[in-house]
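Please read the structure below before turning to the comments.
The values are calculated or read from the model by the stated rules, or taken from the named source; none is laboratory data. This is a predicted model, so every value here is computed, not measured. Here the Cβ positions follow ideal geometry from the backbone for every residue, glycine too, while neighbour counts run over all protein chains shown. When the accessible area is computed, the model is the full protein with side chains, heavy atoms only, and any ligands, DNA or RNA have been set aside. Shrake-Rupley method; radii C 1.70, N 1.55, O 1.52, S 1.80 Å.
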Amino acid sequence: MKKHIILSSAVLSLLSACGGGGGSSPDSTKPTDNEPVQIEHLGGGEATVSDVTADAFSEHSDNMDDVDRIQKFNLGNDFFQNPWVAGSASTSSRDGLGGVFNNNACQDCHIRDGRGHAPNISAAEDGSDFSSILFRAARANISSEDESLMLQSLQANVPDSSVGGQLQQDAIANVTAEASLGVSYLSSEVEFEDGFSVELRKPVWELTSNYAEQGYDFDTDTVFSARVAPQMIGLGLLALISEVDLLQNEDIEDSNNDGISGKANVVWSVANQNVTIGRFGWKAGQPSLVEQSAGAFVNDMGLTNQLHQQGNCMPHQADCLSAENGNGDSVSDYDYEVSDTILSAIGFYSSHLAVPERRDAYGAQVQRGKTLFNDAGCTGCHTAQHITEFSDDHPELSEQTIFPYTDMLLHDMGQALADFDINNTPAADSVLVEFLANSHEWRTPPLWGLGLVKTVDPEATFLHDGRALTIMEAVLWHGGEAETAKQNVLLFDADQRADILAFLNDL
């Protein structure tokens, strides 16, 4: 790993050289003359909204009052919600859904702008509900010992020769979907010191290449990474946390001996044609929201755009390659399917989905839970507070004190949560899955909005692959750098469990 650290630092050194609701505070939070101003209930700063309904994740920044900017947000919302269709002469702005895809609308994965879910056997007996989860595929022949080659290749991973870098389980008419998917679950129990037990479920994925009979089965060294769609709130605020602030939390050598050694991912920016810090996605593989959106358009829906002007069909997928392309905007001079106007609007929309206000941030039980969260060591990764930089493009999000509870860094979460091979065997931690993120590493997800996840979508599940049905289950799956924190939680009695859940549900 020391070689990895030196390279990452060298790369960074080289780079440096070369909708809206009311966000008013409850009266109970107003300070007296002798009390400090309390702001943590406004997790997204002045952009925070007050909404506890199923629409809690769908409001724009509360401090946005410019009519033109609200209209751009609404345009992005429209294209985020509504489905795309296959190439058609009659539909010019939403056609070109490409031969193979994962879903045909952003909102169908990010349900009500919230989290997706893993297939739930209790709801779908055949385990076929893969509408808001996808699988990345990466060849294991590039390891952390070869990271210089990875950076030189300027790609996230080495794709599988059958399906590329991502499995598409759906397809338009007369086109063969890339893969057939299924799942079952193995149950186990974790017991607290007082004897209270929690049942955990481990997914056993069933992935089959639909091109195997044509001689294009999955490569024997392919590693798969299950990814449930994450919630969309607060992303523009996270984009404005300075690179300096993010990197100062790195401790790759664990110099303070706390068992936590987060690192930033180093990724290729297609838009800027340079190497930079990754911020978005489960492994921090994307540097910006526009690039995240552009990547999702081409990978999840087969829609070409300015940053990705080639579709997602593999060379051997003749039916996919011959599918009719979209028309794009007939008044503009481009030959890709998502116009620059739409991509910009989607990026703006994604930037300004607001964080909901906390409901009882200063209540006694919530405060006890916060103390337990801190004492257990959870803030070693889930850093509570950041301050955003100034941005001319996003004044509503500028210079805000925010409380996302994330350090935005990659952490080893242990073998139980690792990416896996076709036999569901955890991949070695030497395998790079997405730029410099290995098979055991995941970006710390922000915790704001956690208590409203099930309000927004009752079917939503937790962790990167959706295996956890509850917040406590998610906590108990933590391992690797979070193993000590989890063991501390397992010492909690019934009252302490209630307290920490009260805190987490208030975020």
Out of the range 353-371, which residues are farther than 30 Å from L75 by Cβ and touching a Phe, Trp or Tyr at 6+ places or on another chain (Cβ under 7 Å)? V366, G369, K370
Taking the condition of being closer than 30 Å to V163 by Cα, assigned to a helix (DSSP H, G or I) and open to solvent by 60 Å² or more (accessible area, probe 1.4 Å), how many residues in the range 60-105 meet it? 1
Exactly one condition in (1) closer than 15 Å to F435 by Cβ; (2) open to solvent by 20 Å² or more (accessible area, probe 1.4 Å); (3) small (G, A, S) is false for S261; which is it? (1)
D245 fails exactly one of (1) closer than 23 Å to G116 by Cβ; (2) not in a loop (DSSP other than H, G, I, E, B), namely (1)
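This table checks each residue for (1) modelled with pLDDT of 95 or more; (2) part of a loop (DSSP other than H, G, I, E, B); (3) loosely packed, with under 14 Cβ neighbours inside 10 Å.
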{"site": "S187", "(1), (2), (3)": "yes, no, yes"}
{"site": "D194", "(1), (2), (3)": "yes, yes, yes"}
{"site": "V198", "(1), (2), (3)": "yes, no, no"}
{"site": "P203", "(1), (2), (3)": "yes, no, no"}
{"site": "S225", "(1), (2), (3)": "yes, no, no"}
{"site": "Q231", "(1), (2), (3)": "yes, yes, no"}
Within the range 290-398, helices (runs of 4 or more DSSP H) holding 3 or more residues that are open to solvent by 30 Å² or more (accessible area, probe 1.4 Å), in contact with a Gly (Cβ under 7 Å, 6 or more places away or on another chain) and small (G, A, S): none
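Does L181 meet the test of being open to solvent by less than 30 Å² (accessible area, probe 1.4 Å) and aliphatic (A, V, I, L, M)?
Answer is no for this residue.
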Helices (runs of 4 or more DSSP H) contained in the range 451-507 and holding at least 2 residues open to solvent by 50 Å² or more (accessible area, probe 1.4 Å), out of contact with any Ser or Thr (no Cβ under 8 Å at 6 or more places or on another chain) and among the charged types (D, E, K, R): none
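Within the range 10-31, is even one residue modelled with pLDDT of 95 or more and over 28 Å from T304 (Cβ atoms)?
Initially, the range 10-31 is screened for residues modelled with pLDDT of 95 or more, giving none.
No, that holds for no residue.
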Do you know which residues across the range 136-175 are modelled with pLDDT of 90 or more and among the hydrophobic types (A, V, I, L, M, F, W, C)? A137, A138, V163, L167, A171, I172, A173, V175
Of the numbered conditions (1) in contact with a strand residue (DSSP E or B) (Cβ under 7 Å, 6 or more places away or on another chain); (2) open to solvent by 20 Å² or more (accessible area, probe 1.4 Å); (3) farther than 29 Å from F73 by Cα; (4) charged (D, E, K, R), D419 fails exactly one; give the number of that condition. (2)
Breaking point among (1) open to solvent by less than 40 Å² (accessible area, probe 1.4 Å); (2) in a loop (DSSP other than H, G, I, E, B), for E250: (1)
